[in-house]
Amino acid sequence: MTAHTRLPLTARQITLSAFMGAVLWLFAALLLRFLAPLGIYEGMNTALLYALIIPGTVPFLFVVKKIAGLGDDQFALGIAVATAAATLLDGLALAFTPALYGTSVDQTAGAGAAILWGAGVGLVLGMIFNKSAAR
């Protein structure tokens, strides 16, 4: 635990993890808005979208690890910070700027749900990829 953060991350690691979570959230929101007219929230397309979110999340996790300078044993916590930032921004955007996600309630709901799914995927993968500190 560091003296200034109450977490086993430095203030720099927390800041960079949160920043990268915000970047991913904005990228995902804009990508989902662009893809919405293609019918990604209809029928089996939704299942395909959710399935593709899983492998699509993996590279981002390692980008966060690299940019934030996370150790193998800090992976899950750094990803949790990134996910918290993304989830908070998603909630604010859904409440105050829902048009960011699309032109209809279905598109807004679909994008918000997909981002929440991605947040859960990121948290689970962060725990899977986390490694114990060397002893």
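Throughout, read-outs are computed from the coordinates displayed, never taken from laboratory work. It should be emphasised that the depicted structure is a prediction, and the values quoted were computed from it without experimental measurement. Don't worry about glycine lacking a Cβ; one is built from the backbone with ideal geometry, like all the others, and counts go over all protein chains shown.
With only Lys, Arg, Asp and Glu charged, each at its Cβ (+1 for the first two, -1 for the last two), find how big the charge dipole of the chain is about the Cα centre; round to the nearest 20 debye. Walk me through the numbers on the way to the answer.
Working: 7 positive and 5 negative charges, 104 e Å.
The dipole of the chain has a size of about 500 debye.
With the dipole of the chain worked out from charges on the C-beta (+1 for Lys and Arg, -1 for Asp and Glu) around the Cα centre, which of Thr46, Thr10, Phe27 lies farthest toward the positive end?
Thr10
Where does the chain land at 222 nm, in deg cm²/dmol rounded to the nearest 500, when only DSSP H runs of n ≥ 4 count, each adding -39500 (n - 2.57), divided by all residues?
Working: 4 runs with 97 residues, N = 135.
About -25500 deg cm²/dmol.
Once label points are set 7 Å from the Cα along Cα→Cβ at both Leu100 and Val124, what is their separation, rounded to one decimal in nm?
A separation of 2.5 nm, rounded to one decimal place.
Rounded to the nearest 0.05, what FRET efficiency do Leu116 and Arg6 have when you use their Cβ-Cβ distance and R0 = 30 Å?
Values: r = 27 Å, r/R0 = 0.89.
FRET efficiency, Leu116 to Arg6: 0.65.
Tell me the label-point distance for the pair Phe19, Leu31, using the 7 Å Cα-to-Cβ offset, in nm and rounded to one decimal.
2.1 nm
Summarise the long-distance tail of P(r) for the chain by giving the % of C-alpha pairs beyond 20 Å. The partial results should precede the final answer.
Numbers: 4126 of 9045 pairs.
Counting pairs separated by more than 20 Å, the tail of P(r) holds 46 percent.
Looking at segment 1-106, which trypsin sites (Lys or Arg not before Pro) are DSSP coil and have at most 14 other C-beta atoms within 10 Å of their C-beta?
Numbers: sites: Arg6, Arg12, Arg33, Lys65, Lys66; in loops: Arg6.
Qualifying residues, ordered by number: Arg6.
Take peptides 15-27, 93-105 and line them up by average Cβ neighbours within 10 Å, highest first, as a rough protection proxy. Don't skip to the end; give the middle numbers.
Numbers: 15-27: 19.5, 93-105: 14.8.
So the peptides 15-27, 93-105, ranked by packing, come out 15-27, 93-105.
Using the Karplus curve 6.51 cos²θ - 1.76 cosθ + 1.60 with θ = phi - 60°, work out ³J(HN,Hα) for each residue of segment 77-87 in order, rounded to whole Hz, and write x for Gly and Pro.
5, x, 5, 5, 5, 4, 5, 4, 4, 4, 5
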